[in-house]
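One structure is given here, and the rest of the page talks about it.
The values are calculated or read from the model by the stated rules, or taken from the named source; none is laboratory data. Not measured: the values here are computed from a predicted model. Here the Cβ positions follow ideal geometry from the backbone for every residue, glycine too, while neighbour counts run over all protein chains shown.
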Amino acid sequence: MNRLENAFKDKKLFIPFITAGYPNLKKTEDFIYQAVSAGAGIIEIGIPFSDPVAEGPVIQEASQKSLEAGTTLDGIFKLVENVRKKVSIPLVFMTYINPVFRCGYDNFFKRCSLVGIDGIIIPDLPFEEKGEISEFAKKYDIKIISLIAPTSEERIKKIAESSEGFLYIVSSLGVTGVRQEIKTDLKSILESVRKYTSTPAAIGFGIHSPEQAKQMSQIADGVIVGSAIIKIIKQYGENADKYVYDYVKEMVSSIAL
């Protein structure tokens, strides 16, 4: 059974995003352990890419520095293999279609399965083109996590009805990054989603404070945060372990039922 199937049962989840290889793969592994110890429900691992179109400047810079440090897909698979020996919660990749294509679809998803990845988020793969990878993902029981942005009811219906793992609800138009205020009518979007599916829904893009996380958790099943964590890692570098733990702990506490 895929670990995502029961991940949201009877609880709200905090889902931190961590760029693999920033500042290096060893520290990425340490940060993941800190986040898990602090109560994270799912870990989203970013595969660095040279043109991360959905990312704001903070994660773009982390991706660039990771690539400059020599991070490879082989290294990231090894990282996940190590993490999976100690961590039982779901692990999800956030990536772009180019690295998956270059690895070869069957090979990529097979390797995901072998190391213990449960799902994948690909922001630059339109929903209408999901079929390009779906047979390979299904073959190896890797859930394709679809994104729902502020969009039309008809499009929400299509995406929700075919959803699996969990749905990533984009809080704001644009790229990832800290926002002081989120003005999208997320309650209406979540109400639409729940008309068409029982798949859990987590909100991401722009959330950074415990107050925002608490507010979002009242309408969603989970809260996703990336840029705020990467900023902590940027500030403290290889000494960020404690600060990552403290931040995740505070966010987990803010969304507890």
For region 77-126, name all the residues that are among the aliphatic types (A, V, I, L, M) and either more than 18 Å from the chain's Cα centre (by Cα) or part of a helix (DSSP H, G or I) (or both). Leu79, Val80, Val83, Ile97, Val100, Leu114, Val115
Flag if Phe136 is part of a helix (DSSP H, G or I), at pLDDT 95 or above, surrounded by 17 or more Cβ atoms within 10 Å (Cβ to Cβ) and in contact with a helix residue (DSSP H, G or I) (Cβ under 8 Å, 6 or more places away or on another chain): yes
Looking at Ala38 and the list (1) in contact with a strand residue (DSSP E or B) (Cβ under 8 Å, 6 or more places away or on another chain); (2) farther than 26 Å from Leu125 by Cα; (3) of a type outside the set (Phe, Trp, Tyr), which single condition is not satisfied? (1)
Extreme residue, farthest from the chain's Cα centre (by Cα), among residues of region 46-59 that are surrounded by fewer than 22 Cβ atoms within 10 Å (Cβ to Cβ) and not in a loop (DSSP other than H, G, I, E, B): Pro57
Of the numbered conditions (1) touching an Asp or Glu at 6+ places or on another chain (Cβ under 8 Å); (2) assigned to a loop (DSSP other than H, G, I, E, B); (3) buried (at least 19 other Cβ atoms within 10 Å of the Cβ), Ile18 satisfies every one except a single condition; which is it? (2)
Cβ-Cβ under 9 Å pairs, at least 6 apart or on other chains, region 97-126 side under 26 Å from Ala201 (Cα atoms) and among the polar types (S, T, N, Q), far side part of a helix (DSSP H, G or I) and at pLDDT 95 or above: Ser113/Lys139
Any chance region 163-171 includes a residue that's assigned to a helix (DSSP H, G or I) and modelled with pLDDT of 95 or more? no
